[in-house]
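Note sheet for the following structure.
The values are calculated or read from the model by the stated rules, or taken from the named source; none is laboratory data. Just so we're clear, the structure is a prediction, and the values are computed from it rather than from any experiment. Here the Cβ is made from the backbone with ideal geometry for all residues, glycine too, and neighbour counts use every protein chain on show. Ligands, DNA and RNA are stripped out before the accessible areas are found, and what is left, the full protein with its side chains, is counted by its heavy atoms. Shrake-Rupley method; radii C 1.70, N 1.55, O 1.52, S 1.80 Å.
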Amino acid sequence: MTAIETSEVRPPVLAVGPLAWVRKNLFSSWYNVALTLLAIWLSYVLLKPAYQWATTEARWGVIEANLTLFMIGTYPRDQIGRVWLSIFLLAALIGLSWGVWKNAARGFAFIALGAGAAFILIALYFGWDVWDEWLISEAILLISYFIGRFLPRGALMATIAWLLYFPLVFLLIAGTRYIATLPPVPSNLWGGLLLTLLLTVVGNFGALPLGILLALGRRSKLPVIRYFSIGYIELIRGVPLITILFMASIVLALFLPIDVRPDLVIRAMIGFIIFEAAYQAENVRGGLQAIDRGQYEAANALGLSGTQTMVLIILPQALRAVIPALFNSFISLFKDTSLVAIIGLFEVVRISRSILAQSEWLGTHREVFLFAFMIYWLFNLAFTYGSRRMEEALGVGKR
Amino acid sequence: MRKLFPLFSLVVVASIMLAACGTPVAATPVTVEVTRIVTSEAPAAAADTPVVEAQPTAAPPPVAGGERLQTILDRGQLVCGVHGTFQGFGFVDSAGAWTGFDVDFCRAWAAALFNDADAVEFRGLSAQDRFTALASGEVDVLSRNSTWTYTRDAELGLTFGPVTFYDGQAIMAKKDVVSDSAAGLDALEGANVCVQSGTTTELNLADQFRAAGVNYTPVVFEDQNAAFQAYDEGRCDAITSDRSQLATQGQAVLQNFADHVILDVVMSKEPLAPAVAQGDDKWADVVHWVVYGMIQAEELGITSENVDTFLTSEDPVVRRLLGVEGELGSKLGLSNDFVYRAIKLVGNYGEVYDRNLATFNLARGQNELWTNGGLMYAPPMR
Amino acid sequence: MNIQSFWRDIRFLKILAQVIFILLLVLAAGYLYRNVSTNLARQGLAVGYGFLKNPASFGIGESFISYEPSDTYGRALLVGLVNTLVVSALGIVFTTIVGVLAGVARLSSNWLISRFAAAYVGLIRNTPLLLQLMFWYFAVIIQLPSVRDAIQLPGPIYLTQRGIYLTWAEATSTFSAWRVFLIIALISIPIIWYILRTAQRRASVPLSPWWTLAYIFVPAFIIWLGAILQPEPPLRPFVPELSGLNFKGGVRLTPEFAALLFGLVTYTGAFIAEIVRAGIQAVAKGQVEAARSLGLTSSQTLRLVVFPQALRIMIPPVTSQYLNLAKNSSLAIGIGYPDLFSIAGTTHNQTGAAIEIITIMMLSYLSISLFTSLLMNIYNKRIQLVER
């Protein structure tokens, strides 16, 4: 038995390595070759003029001059400290959550850090002067991370902090007559990304309780409640969002007593809550359907009443299963807030239109619209990434 | 018995429901009786002590049917519906400062009520929701270049104030489509015309072109600036709106105003007037008489700069107007010098006009005083 | 029988709960109704649908049925409804094509193509539709050259900022005679189906698949026969020609319509692409492996094995995307296309009849939604697996 001579022979060049990858992915068959050539030609024809335009002809000054308008609309400039305070509190909360819950919140924390760093770099490059506030917020995030790690009863504190955060931000932005340092800022001055975020958050979290009630009602065995829930859900899902916003802005005042006249932002929020509740109901219903009968039977066997079963056993599991759908609806509501442009609120899309009407920046459609696209796109991308990391950490859908 | 009980409970419940729905609907608004201590301040009879500041607020006697006015006075601030993106008439810049012809009238009303021209909260309203906002009570007064028409007065639940700006609808076209401003509408045969929705402009456009027998295609936008931009880019051959709007927005928003020509054709009468919600005569009167006071002041030559010198005038007309003598203000529930406040803090009609519209070269034309051949005519204040 | 047993009786409690719920609903409705009456009376507004008979007095930019400003408000709303239906129907057809193509491209083995599709889907799905519509309208369509310098594509198709002009077919004098042949050709299709089915049942071996070509050739032959029997061809190309300031002839897509259609098609297409991708990927890998081991090529596998199974998974979410498209057409107000919502808004402005207008609008959209989902549910039931 002779030993078989083996010598080191490297694999053929066309089988591994970058050339092989190119061959397999781009040129594997004749029509793939044709497609690849077509794609390369298309990208050259489309991207080259776009790149040329972006670097030479485009007037990016319009963005720089109106950045504050994009971000906060016509919010009084001397009160801008309140907006920054809200951002600092948010950074603190994200850092705290990261410290307390580690993996679940890590995605969002990375996003916040990355976004902050990107803003700092861009601001330094363009010579804007907002970079020191961003630096402070990054520092706050890191400090609260360390606090969160060593905080006793961290989960409880962090949850309470999150629950308190939203009313507090509302108070900061809106102001009140009773606190001297927070003069009231009427809601028709709110605008830009600030207004978009406020509408999204209120619309989503305000609709969730109503959505849960509707989902439970839809599964109820009492026919009256069931038909009412089904009727509401199907009615709202069958009409466009713009008609509900139209109804909220024009008709809602008719349904309220004479001296109750909420302003347009509140009415838009009510419209969003009415609309989103129907969609959240469907999401929660999906989660409820995923719970198997064994849970109900075990709860029954343990002697829990119907309400206790629902609140303590079923709903927590159902809500955890619908976390991906909840994030999806957050993202889609974030996009849908652009519709309030049609009823007269100055969020990002309408602010873009009003910027295009300024005399010095006539004709800058493409720059302004592209910037608005960027805002939405980056925000959605960031949120998708963070939510996906959270789902992975929580093991949603796997256990 | 067990089977009858649900039936019995249903009957009980049904009777409760019927009883609840049977209460008559309250249709008449409740008049609020406010008793206040009226501190009567005798106006300084000594004519040689000019009052530099407005006299301390004499609390007005309660007025019947004046609940809107009372609400405003209690609130201490006027809520005024304005345009927001219309330079010259109602515009807010990126820092949040409001300027404009209609905006200044809001300030004049606030000055008359509260002796403070900044006691106003401005709400920018779109053309679609301006009347609903007013009728539902969201704003106290609408000062938003709105045309006074029969339907709006009768059907939409509004009451209009005095006309502050006599305007007319006009149509603007590019010079290479229509070169001569004296051309008629038939020069625009088959044209695409940009127009804003929710306005009388839309209706008049249809009427005028039908009357002239000219074919056209409307391109309707819900935002006036979008209409101008589309027209500028070439989507439409012409754009129609109030003449004042074409002149001011045209200069502000079009890339080269000299390439466009506004035809001389007057397509309709457009008397622009402020409006209040129907049903509150006292507040409507206040709106009326502050404006008339400003027009009368211009007629008498009183401006914001020289108003203090007029306080010592011997002319009874001037004295009554400025509240030096007479009880004009208290009949409305205001202080007697409400016109003085408006003039001093904001200005007379001519000053308001020049401050806002002179830069756009808008000649006063029909908006001159009646003594100069225009239509601005204030009823006597006595 | 004692009273106590009532309160423990579950049937009684259920009825009581529902009665209380109804009572609360009625009380709330009554309260709202009272508020509405008070508010309307205070503003001096009347309620009623009588305004629908009044003349509208405003012009409408484009309509597929005839309309004059002297027509009634009811007619104007009908014009809006037809506009919405037309753009929704066309949109549904085109977005299916775009979505399926993009979904399949996403799964392509060609890296460039799949990245392009992923970029398209990722960009479009994450930005709002209103912004995209405005971008299409203000930054693309209106920026096209004016009529005199139109871009010409083979067809000829002209792209201008006043619209897109397509070459279409125009009926000549012999068209109505030729129409008879068209109808005969259409009738022949089910006849062929019946003949082939009967022949298949009688035969002992499967018929050659070439017979299915009869579906195409027999009607085509009939149509061609009818055309050559006429003295003049029944259709001729309707080519747009520049005359004066505008093109005459051809079919014109107004800029608003074109922007709305493109925007809706690309937006919904991105969502459908994701659904198609998920549907194809949800088909078990075992199916693909078995098909490949049986010798089917990868395109045959896709067509015969994967897609039919994926279709079952895809239909419900695609249905809801179709509904979204129909509902999203209401954003046309932002770019000036006179759809139902836009005309209803104008009518409300001129008449002040808020509640009636909203009721009409919501009922119309609700009917469109219910009708579409009814159709798709029927189709869905037909293709469902019948489980043991």
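Per residue, how much accessible surface does the range C:262-388 expose to a 1.4 Å probe? Answer in Å², no decimals.
Value for the range C:262-388: 45 Å² per residue.
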Report P(r) for the range C:3-43: all Cα-Cα distances, bin width 5 Å, range 0 to the bin holding the largest distance, values in whole percent.
6, 21, 14, 14, 10, 9, 9, 6, 6, 4, 1
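Leaving ligands, DNA and RNA out of it, report the carbon-plus-sulfur percent of the accessible area of chain C at a 1.4 Å probe.
Numbers: 13740 of 20180 Å².
Here carbon and sulfur together make up 68 percent of the probe-accessible area.
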Amide H proximity to residue C:160 below 5 Å, modelled H, separation 5+ or other chain, gives C:165
Taking the Cα centre of the protein assembly as shown as origin and charging only Cβ (+1 Lys, Arg; -1 Asp, Glu), how large is the dipole, in debye to the nearest 20?
7160 debye
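Taking only C-alpha pairs under 8 Å that are 6+ residues apart, what is the relative contact order of chain C in percent?
Once normalised by length, the contact order is 23 percent.
Roughly how big is chain A's charge dipole about its Cα centre, with Cβ charges of +1 (Lys, Arg) and -1 (Asp, Glu), in debye to the nearest 20? Walk me through the numbers on the way to the answer.
Details: 30 positive and 22 negative charges, 205 e Å.
Approximately 980 debye in magnitude.
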Isotropic mean projected area of the C-alpha convex hull, the range B:168-269 (nm²):
5.3 nm²
Cα convex hull volume per residue for the range C:90-232, in Å³, equals 227 Å³
Which of the trypsin sites (Lys or Arg not before Pro) found in the range A:165-238 are loop residues per DSSP with 11 or fewer other Cβ atoms within 10 Å of their Cβ?
A:177, A:221
Please compute, for the alpha-carbon atoms of the range B:118-234, the extent along each of the three principal axes and give them in descending order in Å.
48, 29, 22
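In the range B:76-117, what percent of the accessible surface is made up of carbon and sulfur (1.4 Å probe, ligands and nucleic acids excluded)?
Details: 440 of 950 Å².
Answer for the range B:76-117: carbon and sulfur cover 47 percent of the accessible area.
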Quick one: what are the phi-derived ³J(HN,Hα) couplings along the range A:129-140, Karplus 6.51/-1.76/1.60 with θ = phi - 60°, whole Hz, x for glycine and proline?
10, 9, 6, 6, 5, 5, 4, 4, 5, 4, 5, 4
Averaged per residue, what accessible surface does the range A:74-394 expose to a 1.4 Å probe, in Å²?
44 Å²
Taking accessible area as the heavy-atom solvent-accessible surface of the protein chains with a 1.4 Å probe, which residues of the range B:72-114 lose no less than 10 Å² upon going from the isolated chain to the full protein assembly?
B:85, B:87, B:92, B:94, B:95, B:96, B:98
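Set the Förster distance to 30 Å, then compute FRET efficiency between residue A:388 and residue C:312 from the Cβ-Cβ distance, nearest 0.05.
Numbers: r = 27 Å, r/R0 = 0.91.
It comes out at approximately 0.65.
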Tally up the carbon and sulfur contribution to the accessible surface of the range A:74-394 as a whole percent, 1.4 Å probe, everything protein left in place.
70 percent
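Report, in listed order, any pair from B:174/C:327; A:335/C:327; A:48/B:174 with a Cα-Cα distance greater than 26 Å. Before the final figure, lay out each step's value.
Details: B:174/C:327 37 Å; A:335/C:327 15 Å; A:48/B:174 34 Å.
Table pairs above 26 Å Cα-Cα are B:174/C:327; A:48/B:174.
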Under the rule of at least 5 residues apart or a separate chain, name every residue whose amide H is placed under 5 Å from the amide H of residue A:344.
none
Using θ = phi - 60° and the Karplus form 6.51 cos²θ - 1.76 cosθ + 1.60, what ³J(HN,Hα) does each residue of the range B:143-150 get, whole Hz, x for Gly and Pro?
10, 9, 5, 9, 6, 7, 10, 4
Taking 8 Å as the Cα distance limit and 6 or more residues as the minimum spacing, I'd like the relative contact order of the range A:74-394 as a percentage.
23 percent
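Please report the orientation-averaged projected area of the protein assembly as shown, defined via the convex hull of its C-alpha atoms, in nm². Don't skip to the end; give the middle numbers.
Details: hull surface 269.1 nm².
Convex hull of Cα atoms, orientation-averaged projection: 67.3 nm².
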Whole-Hz ³J(HN,Hα) for each residue in the range A:231-243, computed from phi via Karplus 6.51 cos²θ - 1.76 cosθ + 1.60 with θ = phi - 60°, x for glycine and proline: what do you get?
x, 4, 4, 5, 5, 5, 6, x, 10, x, 4, 5, 5
Would you mind working out the magnitude of the charge dipole of the range B:168-269 relative to its Cα centre, with +1 at each Lys and Arg C-beta and -1 at each Asp and Glu C-beta, to the nearest 20 Debye?
160 debye
Regression test value, accessible area per residue of the range C:3-43, probe 1.4 Å, units Å², expected 65 Å²
Please give the total accessible area that chains C and B bury against each other, computed with a 1.4 Å probe and expressed in Å² to the nearest 100.
3900 Å²
Which whole-angstrom value gives the distance between the alpha carbon centres of the range C:5-41 and the range B:259-322?
55 Å
Any idea what log10 I(q)/I(0) is at q = 0.07, 0.11, 0.13 Å⁻¹ for chain A, Debye with uniform C-alpha scatterers and no solvent?
-0.47, -1.02, -1.29
Here FRET efficiency (C-beta to C-beta, residue C:153 to residue A:41, R₀ 22 Å, nearest 0.05) is 0.80
